[in-house]
1. Among what's in the range 18-73 and is within 20 Å of Trp152 (Cβ to Cβ) and among the aromatic types (Phe, Trp, Tyr), pick the residue that is nearest to the chain's Cα centre (by Cα).
2. Given the conditions (1) surrounded by 13 or more Cβ atoms within 10 Å (Cβ to Cβ); (2) part of a loop (DSSP other than H, G, I, E, B), which single one is not true for Asp102?
3. If I ask for residues that are in contact with a Leu (Cβ under 9 Å, 6 or more places away or on another chain) and of a type in the set (S, T, N, Q), which ones from the range 41-82 would you list?
4. Looking only at the range 23-59, count how many residues are in a helix (DSSP H, G or I) and modelled with pLDDT under 85.
5. Just the residues that are more than 24 Å from Leu117 (Cα to Cα) and surrounded by 11 or more Cβ atoms within 10 Å (Cβ to Cβ), please, taken from the range 40-68.
6. Name the residues in the range 109-144 that are touching a residue at least 40 places away in the same chain (Cβ under 8 Å), within 20 Å of Gln159 (Cβ to Cβ) and not in a helix (DSSP H, G or I), would you?
Amino acid sequence: MELIEFTIYGEPRPAGSKQSFPVINQKTGEPVRAKDTGRIITRVKHDNPKTQEWMSHVAQVAGEVMADGPMFEGPVSLTLIFFRPRPKTHYGTGKNAETIKDSAPVFPTTRPDTVKLTRAVEDALTGVCWKDDSQVVNHKLAKRYGKRFEVWVLIEPLQAAQRQEEK
């Protein structure tokens with residue numbers, strides 16, 4: 001499979017803490033078990049209610065991109081660049097309202113952190129771009145200022161020729 005790249009517009013939400021709870025059979029009051037393994041089926045609730053909405057949006061955009069092909073099999077490299085608009089305090093006033101102040105930071109160092117933003121995107125792409133996010137063996141992550149909230153995504157399959165890195 002070839003590499004894919006796409007942009008997701010919207011404010012990224014972090015995947016912070018999760019709470020897992022069993023699915024309960026309404027008639028018996030007992031936990032529901034998987035027929036093949038006998039394991040209790042669970043659901044996951046995110047501590048941030050907007051995270052699930054964001055992850056659904058990510059999965060929808062990725063699904064449109066992946067519509068023409070199969071999911072990635074084997075190891076992949078994932079590049080994510082999270083863009084956010086600069087706050088108004090980074091700009092001058094009056095005739096300088098469009099000019100970034102010299103004192104404005106170059107990079108966004110405020111919350112949420114890049115790893116938690118990445119976790120939400122990886123989880124959303126599971127079952128859409130790959131079978132399991134453990135297939136992501138290389139990460140390239142960044143947070144930058146841009147014109148709007150968006151995430152640039154690049155997924156590259158890793159080839160057998162890259163085995164030479166092991167040596």
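1. Checked the range 18-73; the qualifying residue nearest to the chain's Cα centre (by Cα) is Trp54.
2. Unmet condition: (1).
3. Ser77, Thr79
4. Start the filter on the range 23-59 by keeping residues that are in a helix (DSSP H, G or I), which leaves 49-59.
Filter once more, keeping what is modelled with pLDDT under 85: 49.
Looking only at that region, the number is 1.
5. Hits for the range 40-68 are Ile40, Ile41.
6. Hits for the range 109-144 are Cys129, Trp130, Lys131, Val136, Val137, Asn138, His139, Lys140.
The values are calculated or read from the model by the stated rules, or taken from the named source; none is laboratory data. Predicted, not measured: the structure shown is a model, and the values here were computed from it. Cβ sites come from the backbone with ideal geometry, for glycine too, and all protein chains shown count toward neighbours.
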